[in-house]
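The block underneath contains the structure these notes are about, expressed in structure tokens.
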């Protein structure tokens, strides 16, 4: 599916499929629904979702009921909640970063990072056993922040 929403392209063929979930026996089941989570190259998340007339994605126009399919852009927090249901901790960390707690008073913040930098951070993490979060904090402090 390929849609433009608020001036942004959401294309299931160009985005990375993160996970899938569904309920029911397919489109012949009026209660059937599906949700496929994707991540764009920009880091944005979206659902390709749909379902039968009796599902949460069905519709009614007063006299008729029908099936529907759509794209729903998600915030990072919405994508995280969706992933908590479906993914294990390792898969979750691969997408959103380390879950380790720090001793400092910290606030969570999400940002887009070039893949090459993220790959280098993951490599450094494996070499040093220092979390990606701690590596970023060290780099920021070294830069004077």
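A short reminder: the numbers here are calculations on the coordinates, not readings from a lab. No experiment lies behind these values; they were computed from the predicted model shown. Cβ: placed from backbone, ideal geometry, glycine included. Neighbour counts: every protein chain shown.
Here are the numbers:
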{"quantity": "Inter-label distance, nm, simple model (7 Å from Cα along the C-beta direction), residue 120/residue 42", "calculated": "2.5"}
{"quantity": "Cα-projected label distance for residue 96 with residue 70, points at 7 Å along beta-carbon direction, nm", "calculated": "2.4"}
{"quantity": "At R0 = 22 Å, FRET efficiency that the Cβ-Cβ distance of residue 108 and residue 12 yields, to 0.05", "calculated": "0.20"}
{"quantity": "Calculated Rg and Dmax of the chain using C-alpha coordinates, Å", "calculated": "19.3, 65"}
{"quantity": "Cα centroid separation - segment 90-139 against segment 1-80, whole Å", "calculated": "30"}
